[in-house]
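Report on the structure given below.
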Amino acid sequence: IVVVDDCSSDNTQLVANRFNEVILIRNQQNKGYSKSLEIGIGKAVDIGGHYIMTLDADGQHPIELVDQIFNRIESQNLDMVIGVRDELPRISEYIIASISKFFWGIGDITCGMKCYKDTLITAAGLPTSFNSTGTFLAFFALIRGYKFEKVKIKIKQRIGKSRYGAGIITEIKLLLSIMRGYAAAIKK
């Protein structure tokens, strides 16, 4: 288990240090969601992880599905499993979900609960110039015909406030970031 603490003000370090199997990476300065995700995924691949699952730290993802997702990706020899939330918090996510549902049958490509095979991550590489790591990897896999499945997830109430914020500026930033992720996946 790799935990990336992006300058949190909670007890992430204390909780993570209670478990011997947890690798804690503490960013010395706030790097943001996507860069922290990139750091965590990169570390998981570096230490030999064959299947890498991402979860957001806001408590919304149902951790009781973790074993099921790992079992599914391994037993069915999948390249990726994508969580599909029962609710989307932003208009920009509805827009992207409509497009991804039309092309690939996925009604939530921006969900942070995903599982990737290491070979997919190695083939795609990790982006460094935009804020859309998880969505980039999903687009890369979908565009190239990698084998995937969806898992419906019922989200839980968020713990704390979103670091992305709310409002029209946030919506535009998210749309632009996702579009850059899509463009990078096409070029790769």
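Here are some notes:
- Segment 1-143, relative contact order in percent, only Cα pairs under 8 angstrom and at least six apart counted: 24 percent
- Largest accessible area first, the listed residues TYR51, TYR94, TYR182 line up as TYR94, TYR182, TYR51 when surface is computed with a 1.4 Å probe on the assembled protein chains.
- Excluding ligands, DNA and RNA, the accessible surface per residue across the chain is 56 Å² with a 1.4 Å probe.
- Surface composition of the chain: carbon and sulfur make up 55 percent of the accessible area, probe 1.4 Å.
- Taking max minus min of the alpha-carbon positions on each principal axis, segment 1-91 gives extents of 39, 37, 23 Å, largest first.
- Net charge of neighbours whose Cβ lies under 13 Å from the Cβ of GLU87, counting Lys and Arg as +1 and Asp and Glu as -1: +3
- Full extension of the segment from ASP10 to ILE91, taken as 0.36 nm per residue of separation minus the current Cα-Cα distance, would add 26.3 nm.
The values are calculated or read from the model by the stated rules, or taken from the named source; none is laboratory data. Remember, predicted model here, so these are calculated numbers, not experimental data. Quick reminder, even Gly has a Cβ in these numbers, built from the backbone with ideal geometry, and neighbours come from all protein chains shown. Surface accessibility is based on the protein's heavy atoms, side chains included, excluding ligands, DNA and RNA. Shrake-Rupley method; radii C 1.70, N 1.55, O 1.52, S 1.80 Å.
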